[in-house]
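Scroll down for the structure; my scribbles are underneath it.
The values are calculated or read from the model by the stated rules, or taken from the named source; none is laboratory data. Worth saying up front: this structure is predicted, and the values here are computed from it rather than measured. Every residue, glycine among them, receives a Cβ derived from its backbone with ideal geometry; neighbour counts consider all protein chains shown.
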Amino acid sequence: MECSENASESPDIVKLKKVIIAALCLINEYYETYIHKTPCMTSSYRGDSWIGELLQGHQTRFHNMFRMSQTIFVDLLYDLENVHGLHGSSRTTTREVLAITLYILSHNESIRSTCERFQHSTETISRYFSIGLEALVKLSSLVIKPIDPSFENIPRKILYDNRYMTYFKDCIGAIDGTHVDARVSTAENVAYIGRCGSTTQNVMAVCDFNMCFTFVMSGWEGSAHDSRIFKFAIRNQQHKFPMPPPNKYYLVDAGYPMQRGFLKPFSDTKYHIPDFQRASQSIRGRKEAFNKRHSSLRGVIERSFGVWKKKWVILRDMPTYPFKKQVKIVVATMALHNYIRRHPSRDDPEFKVCDEDQSYIPPEAYEYRIGQSLIDNEGDMTNHEAEDGEGAEEMIQLREQITSTLVNEMN
């Protein structure tokens, strides 16, 4: 009987039934999605509870997650919250926003992976990562600068080390460039490919002898030469480059110009410390004597780059964020680097390794570098050595004076 009734239904009735069934399915889907939705993030081990446990737990466990001690985290949170606009919401605490930001920077975790760790939606994680990043960029204006802007005092690193005192008593820091992994559009690829063959942004930095960055110029194409970035930085006052006062100078390598306030090595002989190590530490001639001492002292910036890249893994494998955000990540992580280093607790294992062995340079410093030989790997010096600038003769005389003093005392 039922079969015969179904068979007798008109096409219009059948069509109406299908429409009603489809409508009921849509209503049910809407109800389950927006009215009686099934929660996605259901873990009882929610983000802020996890952070609270870590803050009360072992310092190694906390450092492994956020690359700093609990004490530094608490002080950083206070400064960002009260001075630099870090904020959360009724459902997300401020300390959770900071933890999300540090977690992504230190482990290079994806937004989706961070969602699972903190039990928030992708939109929430993405939004608060941006908020945390902006607060750290604001912090950078206060911490990425010299502690002593007048450079009146001789750095302790030089003052208490007979290898450098009195030869380099007027030296105030070191300058170098490094490359950070970059993700750019296909149309921009060529400009961002440097000698390493990968797309990178070229970052110029200045550091003091406490392994803190005192200036950063980020966002340049990987193919840009160091001397070009250097000239742009010192010629544009809005960038606030910490220029050396009279009779003071920075150490630079052969890729930079010799000019007043910037002392470079002899370019026609070996320079880098690994070159001397391969030669059983032997020194041939006065130029090598100067270069070895110069390279040893300037190694502080290589150690700084090494600790910085080792801590913040995101720098070595950048996600596909907009390039402006990638530049902010460089500045934000440098601000964190300085904040940790200058904290009164002086409690950090990566810095401790470098403090205990002044010759140690973390291998991460050499990523995107091709070897360490000034002659073999800097290329043809007529093409790659920067043209000398104003006051070059004055710096050449200083170099000769230091070299003569070194050689006389060695004999």
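Under the condition of being in a helix (DSSP H, G or I) and among the basic types (Lys, Arg), which residue from the range 105-156 is nearest to Met334 (Cα to Cα)?
That would be Lys138.
Which of the numbered conditions does Ser140 fail, given that it passes all the others? Conditions: (1) surrounded by fewer than 17 Cβ atoms within 10 Å (Cβ to Cβ); (2) among the hydroxyl-bearing types (Ser, Thr, Tyr); (3) in contact with a strand residue (DSSP E or B) (Cβ under 9 Å, 6 or more places away or on another chain).
Result: Ser140 passes all but (1).
Test Val143 against the criterion of being within 16 Å of Lys325 (Cα to Cα) and touching a residue at least 40 places away in the same chain (Cβ under 8 Å), and give yes or no.
no
Inspect all residues belonging to the range 276-285 and state whether any of them is in contact (Cβ under 8 Å) with a residue 60 or more places away in the chain and assigned to a helix (DSSP H, G or I).
no
Taking the range 251-269, which residues are of a type in the set (Phe, Trp, Tyr) and surrounded by 22 or more Cβ atoms within 10 Å (Cβ to Cβ)? Even if it seems obvious, please write down each step before you answer.
Step one: of the range 251-269, the residues of a type in the set (Phe, Trp, Tyr) are 256, 262, 266.
Scanning the range 251-269 gives Tyr256, Phe262.
Are any residues in the range 347-361 in a loop (DSSP other than H, G, I, E, B) and within 20 Å of the chain's Cα centre (by Cα), and if so, which ones?
The first filter runs over the range 347-361 and keeps only residues in a loop (DSSP other than H, G, I, E, B), leaving 347-348, 357-361.
Asp347, Asp348, Tyr360, Ile361 - these are the residues of the range 347-361 that are in a loop (DSSP other than H, G, I, E, B) and within 20 Å of the chain's Cα centre (by Cα).
Among (1) surrounded by 20 or more Cβ atoms within 10 Å (Cβ to Cβ); (2) more than 16 Å from Gly255 (Cβ to Cβ); (3) of a type outside the set (Gly, Ala, Ser), there is one condition Lys169 misses while meeting the rest; what is its number?
Exception for Lys169: condition (1).
Among (1) under 20 Å from the mean Cα position of the chain (by Cα); (2) under 28 Å from Glu350 (Cα atoms); (3) surrounded by fewer than 22 Cβ atoms within 10 Å (Cβ to Cβ), there is one condition Val330 misses while meeting the rest; what is its number?
(3)
With Arg183, Arg195, Arg163, Arg228 as the choices, which residue is in the same structural domain as Ser295 (by TED's automatic domain parsing) and free of Cβ contacts under 8 Å to residues at least 24 places away in the same chain?
Arg228
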